[in-house]
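A.B. asks: Here it is: the structure, laid out below.
Just so you know, all these numbers are worked out from the coordinates, no wet-lab data involved. Quick caveat, the model's predicted, so the values are computed rather than measured. Heads up, the Cβs are rebuilt from the backbone with ideal geometry, glycines too, and the neighbour counts pull from every protein chain shown.
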Amino acid sequence: MSIPIVNSIASWFLKKRFHQIELFLKYPNEVQNELLLNLIEYAKDTEIGKEHDFASIKNYRTFAERVPIKNYDGWQNVIERSRQGEGNIFWPTPIKWFAKSSGTTRAKSKFIPVSEESLEDCHYAASKDLLCMYLNNNEDAQLFTGKSLRLGGSKQLYKENGTAYGDLSAILIDNMPFWAEFSSTPSNKVSLMSDWEYKMQAIVDETRNENVTSLAGVPSWMLVLLNNVLETTGKKNLHEVWPNLEVYFHGGVSFTPYTDQYKNILPNKNFKYYEIYNASEGFFAIQDQNNSKDLLLMLDYGIFYEFIPMNIYATSEEKAIPLSEVELHQNYAVIITTNAGLWRYKIGDTVRFTSLSPYRIRVSGRTKHHINVFGEELIIENAENALKTVCNQTNSEIVEYTAAPIFMQGKEKGAHEWLIEFKSPPSDMNTFNDLFDDALKSLNSDYEAKRYNNMTLNRPTIHIARKNLFYDWLKQNNKLGGQHKIPRLSNTREYIDELLTLNT
């Protein structure tokens, strides 16, 4: 099929879809309220629907009063029953798949329900929308002349009791129409390999001679793959390997720490980066503009959103608000109700709104991945922006990092302890430390107050990690693979103490 024909078909879908997008752009709160009432009506005869009398709920206020907000622990029992084959517990249609997710290297496994509706109306719909938005913004795009190099999780699906579980990417690949594989690389067989290190070389071997026009995957693991491609081919940059490569669709972790490394291996100034915000629980937001870090919150994927201001999160005053009540630049924990039967579920992410018309967000971190032992409220977004600033000032480059508190002992003040693996270390770590401390102060007034005259916090302690420390740690914990992430910030020393022991 010729490119003009493919582009014409894509344009037809684009125009059709944009009419629907314009509807939630113009009437966002009405679309969200109607969606909520539809979910409630659809699930009124489920076990949870009867427990909370969904049949009599006619508005958001009643819904919020009757249905409690829960994290995974609060859902675990009913999810386990569903995994054993019970039906109509929290969603009326059968739940055939469960996306296995852990979030950190130590957390117990979570099994997130994936329904037919969420698969089609959320995950796959978002993939189409992502392409639509990119094509709309880049009329000369040549995506369809080649293939998309996708890098997902590394495990196959495991079946039991009539249900299946595995990485979300494995579920998506397993259910894709047969023709979708023709536009993607590597093959499904290689994509679903379980041995990560063997799989990496298999991907390199299978893709190096393909006409790759786009990339899709988590930045940290994609970088490992792309560096392997360069090492195997002996090329200086990826444009020499794949001359028609034009865009990288990325998500899963913040792109900020990896920006410079990607620019080094993708030096073409016209190369595009498009960010997405998705998780096992659903697909939430898409970058809808070139050269923007703001993500458009997608309001018609069968997901109803609520938000808890982080200044009252996990306190006696904790209360969720609907989309209509959010404010700009405040940090919020995300609560979702979905077309897979999750009702008022804490997903563990934090976002802030950069625009209210339309609703655009940036992901600021995780509810558990922050440091607030001393009232400093340090979040991942602060840390990564500070590190990027200081790397630019010191001509250094970071591979991975983690941080934790040094707790007060006797008369000793507290501090933050950082373990950083550099690709290009700074010439003077004392200067790096001072600049980093200053950058954190400029980005976070609470941190600045605690650091004033060393009143509560001493200067940060920074250790240089040996090469491949974080990779080796993930391997030791059997967590190599596309969806596993380094815990950036922690209120405990659980991760950093183990890493420091390995840092020899």
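A.B. asks: All other residues with a Cβ under 13 Å from the Cβ of N138 taken together, and with Lys, Arg as +1 and Asp, Glu as -1, what is their net charge?
C.D. replies: Overall, the nearby charge balance is -3.
A.B. asks: Let me ask something else about it. If r is the Cβ-Cβ distance from N477 to E318 and R0 is 30 Å, what FRET efficiency results, to the nearest 0.05?
C.D. replies: 0.40
A.B. asks: Set the Förster radius R0 to 45 Å, insert the Cβ-Cβ distance between N211 and N71 as r into 1/(1 + (r/R0)^6), and round the FRET efficiency to 0.05.
C.D. replies: So, using R0 = 45 Å, E works out to roughly 0.50.
A.B. asks: A follow-up question, please. Tell me, what HN-Hα J-couplings in whole Hz come from the Karplus equation 6.51 cos²θ - 1.76 cosθ + 1.60 at θ = phi - 60° for each residue of the stretch 234-246, using x for Gly and Pro?
C.D. replies: x, 7, 7, 8, 6, 5, 6, 7, 10, x, 9, 5, 10
A.B. asks: Could you compute Rg(Cα) / (2.2 N^0.38 Å) for the chain, with N its residue count?
C.D. replies: Against the compact-globule rule of thumb, the ratio is 0.98.
A.B. asks: In addition: Name the aspartates and glutamates eligible as straight-distance cross-link partners of K368: C-alpha to C-alpha under 15 Å, and not fewer than 8 places from it in the same chain.
C.D. replies: D73, D349, E376, E377, E381, E494
A.B. asks: Right, something else. Please tell me which of these pairs span more than 25 angstrom C-alpha to C-alpha: K96/K319; K110/K159; K235/K485; K70/K388?
C.D. replies: Where the Cα-Cα span goes over 25 Å, the pairs concerned are K96/K319; K235/K485; K70/K388.
A.B. asks: Related question: Testing the spin-label approximation: label points 7 Å from Cα along Cα→Cβ at E160 and H239. State their distance in nm.
C.D. replies: If labels sit at E160 and H239, their model points lie 5.1 nm apart.
A.B. asks: May I ask you to derive the relative contact order of the chain, considering only C-alpha pairs under 8 Å and at least 6 residues apart, and to give it as an integer percent?
C.D. replies: Computed value for the chain: 14 percent relative contact order.
A.B. asks: Also, quick follow-up: Subtracting the Cα-Cα distance from 0.36 nm times the residue separation, let me have the gained length for S56 to N138 in nm, one decimal.
C.D. replies: In short, 24.8 nm is gained.
A.B. asks: Turning to a different aspect of this structure: Using Cα pairs closer than 8 Å and at least 6 residues apart in sequence, work out the relative contact order for the stretch 49-169, in percent.
C.D. replies: 26
A.B. asks: So how many Å³ per residue does the convex hull of the Cα atoms of the stretch 118-286 work out to?
C.D. replies: That works out to 118 Å³ per residue.
A.B. asks: Show which aspartates and glutamates lie in cross-link reach of K467 when reach means a straight Cα distance below 15 angstrom and same-chain residues fewer than eight apart are skipped.
C.D. replies: Answer for K467, where 15 Å is the Cα cut-off: E397, E400, E421, listed by chain and number.
A.B. asks: Mind checking the stretch 294-332 for GluC sites (Glu not before Pro) that DSSP puts in a loop (not H, G, I, E or B) and that have at most 14 other Cβ atoms within 10 Å?
C.D. replies: Taking the stretch 294-332 and a limit of 14 other Cβ atoms within 10 Å, the loop GluC sites (Glu not before Pro) found are E317, E318, E327.
A.B. asks: Just tell me which aspartates and glutamates come within less than 15 Å, Cα to Cα, of K272; anything on the same chain fewer than 8 places away is out.
C.D. replies: Filter leaves E139, D140, E246, D260, D288, D294.
A.B. asks: Between N264 and T504, what is the label-point separation in nm under the 7 Å Cα-to-beta-carbon projection?
C.D. replies: 3.0
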